[in-house]
1. Of the residues in the range 40-68, how many are in a helix (DSSP H, G or I) and either of a type in the set (V, I, T) or modelled with pLDDT under 90 (or both)?
2. Is it the case, given these coordinates, that R35 is at pLDDT 85 or above, at positive phi and either of a type in the set (A, V, I, L, M) or open to solvent by 100 Å² or more (accessible area, probe 1.4 Å) (or both)?
Amino acid sequence: MAPPSSTTVQDHVALAEIELCGELMIAASAADGERLSADRIDEVLRVAADRLAGPAPRPVERRGGPPH
């Protein structure tokens with residue numbers, strides 16, 4: 001069993017990913033065309049804001065098993 005702090009981090013990351021997927025689905029359903037442009041996807045995922053903020057944080061390393 002994973003320590004509680006590890007589980008909390010994983011839950012936080014999973015919730016953030018679910019939120020971003022939801023935002024992409026909302027943007028896609030509101031789009032005029034068949035697909036979202038790469039610029040619109042970046043806008044929805046706030047990629048440009050993240051790039052301006054600095055380098056991405058390192059992924060959390062899992063211990064005791066193969067990486068996922």
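1. Final tally of qualifying residues: 9.
2. No: the conditions fail for R35.
The values are calculated or read from the model by the stated rules, or taken from the named source; none is laboratory data. Keep in mind the model is a prediction, meaning the values are calculated, not measured. Heads up: the accessible areas ignore ligands, DNA and RNA and are worked out on the full protein's heavy atoms, side chains in. Shrake-Rupley method; radii C 1.70, N 1.55, O 1.52, S 1.80 Å.
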